[in-house]
1. Hey, among the residues in the stretch 37-55 that are near the ligand (Cβ under 9 Å from one of its atoms) and open to solvent by 50 Å² or more (accessible area, probe 1.4 Å), which one's nearest to Ser129 (Cα to Cα)?
2. Mind checking which residues of the stretch 56-95 are near the ligand (Cβ under 8 Å from one of its atoms) and open to solvent by 30 Å² or more (accessible area, probe 1.4 Å)?
3. Take Pro27 and decide whether it is open to solvent by less than 40 Å² (accessible area, probe 1.4 Å), in contact (Cβ under 8 Å) with a residue 40 or more places away in the chain and in contact with a Cys (Cβ under 7 Å, 6 or more places away or on another chain).
4. For the stretch 134-151, which positions are acidic (Asp, Glu) and more than 10 Å from the ligand (Cβ to nearest atom)?
5. Among the numbered conditions (1) at pLDDT 95 or above; (2) within 12 Å of the ligand (Cβ to nearest atom), tell me where Arg160 comes up short.
6. Among the residues of the stretch 71-93, which ones are over 18 Å from the mean Cα position of the chain (by Cα) and in a helix (DSSP H, G or I)?
Amino acid sequence: MRLVLIGPPGSGKGTQAKFIVESYRLPHISTGEILREARSAGTEARKEAARYMEAGHLVPDEVIIRIVEDRFKSPDCANGFLLDGFPRTIAQANALDAMLGRLCWPLDAVIDFAVSEEELVRRLSGRRSCAACGAIYHIDAMPPAREGVCDRCGGELTQRKDDTSEAIWTRLVVYRAQTEPLIEYYRDKGILATVNADRDVEEIVAEVSGILERAKGK
Ligand code: AP5
């Protein structure tokens, strides 16, 4: 299956992606994760991308489109993928359409996670992630068994640099202006499913599974 997850920062895309890629054995292509991993490489282009991210702005389209084009060349994408956080602008969506058209890889579904702004701020301010394996926690909703330590691998839990209150507000404004128009874009293509993601993780997992089973059967 070829899937796209869209939704505002903190809507649970990464959390749901972990369940989807395990159930459907898909490569998880998170442009945010790719950029965070690349940050440590220290080249000037990567340092510039880090500055955009930490301020809560989008990294330029051409940089992101090149990253996804390169990622699609890996053999693991041939049988499907889960795109998490890409596309985020109409220009990126057009570029994705062109790439997938050339490869004869139509998308099966685009899932949009809808969450209230108040809940997004609560989730992002309390998020902690494992520096070693990427597991995601929340200090209240999904706390680890031992504070600051990953249940899965024992790694250290840290707060993302773009989860400061200033960057969170910028990210929400950027989402409304640049990414929200994609909801209409994919609705017009007839492949959009909107999920009320203001609920418990398990309830959302169940609804997403139903959507994916229906998409698989088409
Ligand atoms: P990215 O890493 O993609 O961040 P994001 O889209 O802002 O989304 P988040 O990762 O913050 O949230 P999420 O929806 O994955 O939620 P999560 O599951 O973690 O991008 C970061 C930056 O990279 C961008 O700002 C930009 O600069 C750059 N970038 C990336 N892609 C780009 C692109 N295509 N173009 C340009 N620039 C790009 O959950 C959040 C918290 O809530 C966690 O603590 C979790 O435990 C908790 N939680 C999850 N679900 C629930 C639930 N149901 N109930 C209660 N708590 C929950």
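1. Glu54
2. Of everything in the stretch 56-95, those that are near the ligand (Cβ under 8 Å from one of its atoms) and open to solvent by 30 Å² or more (accessible area, probe 1.4 Å) turn out to be His57, Leu58, Pro60, Asp61, Val63, Arg88.
3. For Pro27, the condition - open to solvent by less than 40 Å² (accessible area, probe 1.4 Å), in contact (Cβ under 8 Å) with a residue 40 or more places away in the chain and in contact with a Cys (Cβ under 7 Å, 6 or more places away or on another chain) - is met.
4. If we filter the stretch 134-151 for residues that are acidic (Asp, Glu), which is where we start, we get 140, 147, 151.
Across the stretch 134-151, the qualifying residues are Glu147, Asp151.
5. Among (1) at pLDDT 95 or above; (2) within 12 Å of the ligand (Cβ to nearest atom), the lone unmet condition for Arg160 is (1).
6. Pass one, the stretch 71-93, residues over 18 Å from the mean Cα position of the chain (by Cα): 73-76, 78-79.
Listed by number, the residues that qualify are Pro75, Asp76.
The values are calculated or read from the model by the stated rules, or taken from the named source; none is laboratory data. Everything numeric here is computed off the predicted structure, so don't read it as measured data. As a convention, Cβ positions derive from the backbone with ideal geometry for all residues, glycine included, and neighbour counts pool all protein chains shown. All accessible areas refer to the heavy atoms of the entire protein, side chains included, with ligands and DNA or RNA removed. Shrake-Rupley method; radii C 1.70, N 1.55, O 1.52, S 1.80 Å.
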